[in-house]
Amino acid sequence: NTISKITPDGTSTIFATTGQTPYALVNDGSGNIYTTNRGDNTISKITPDGTSTIFATTGSNPYDLTMDPSGNIYVVNSSENSVSKITPSGSSTLL
């Protein structure tokens, strides 16, 4: 349940602790990282200093995600064969 940071010289350190079973990552223009947590059906937001919070709850088994230029996150929910849209404020809608 951790995200590691690997420096160019190969040094690996734990950068953040997230929800259960982090899988896919995407970053925004402000240095924040968003990750799917497949074990608890959430999306975590990790700030540049490594602080992790639950950003949104999504469909079952979030698998992959991407972000559009407006900051909306689209999440593939593999157990439901569906896509959710999460707005920059954290509101989730099943598409």
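The values are calculated or read from the model by the stated rules, or taken from the named source; none is laboratory data. These numbers were taken from a predicted model, which means no experiment stands behind them. Here the Cβ positions follow ideal geometry from the backbone for every residue, glycine too, while neighbour counts run over all protein chains shown. What goes into the accessible areas is simple: the full protein's heavy atoms, side chains included, and nothing from ligands, DNA or RNA. Shrake-Rupley method; radii C 1.70, N 1.55, O 1.52, S 1.80 Å.
Counting only residues that are touching a residue at least 40 places away in the same chain (Cβ under 8 Å) and over 14 Å from the mean Cα position of the chain (by Cα), the range 47-77 holds 0 of them. Restricting the range 64-90 to residues that are modelled with pLDDT under 90 and among the hydroxyl-bearing types (Ser, Thr, Tyr), the residue that is farthest from ALA16 (Cα to Cα) is SER79. Residue count for the range 17-32 under the criterion of being open to solvent by less than 30 Å² (accessible area, probe 1.4 Å) and among the polar types (S, T, N, Q): the result is 2. Take the residues in the range 23-36 that are in a strand (DSSP E or B) and in contact with a Lys or Arg (Cβ under 8 Å, 6 or more places away or on another chain), then tell me which one is modelled with the lowest pLDDT. Here the residue is TYR23.
Residues of the range 42-56 include at least one that is at positive phi and either open to solvent by less than 40 Å² (accessible area, probe 1.4 Å) or part of a strand (DSSP E or B) (or both).
Does THR11 fit the bill of being on the phi < 0 side of the Ramachandran plot, over 13 Å from the mean Cα position of the chain (by Cα), modelled with pLDDT of 95 or more and open to solvent by 20 Å² or more (accessible area, probe 1.4 Å)? In short, yes. Contact map, the range 4-18: first residue farther than 16 Å from GLY31 by Cα, second residue open to solvent by less than 90 Å² (accessible area, probe 1.4 Å) and of a type in the set (D, E, K, R), Cβ cut-off under 7 Å, separation 6 or more or different chains; the map is empty.
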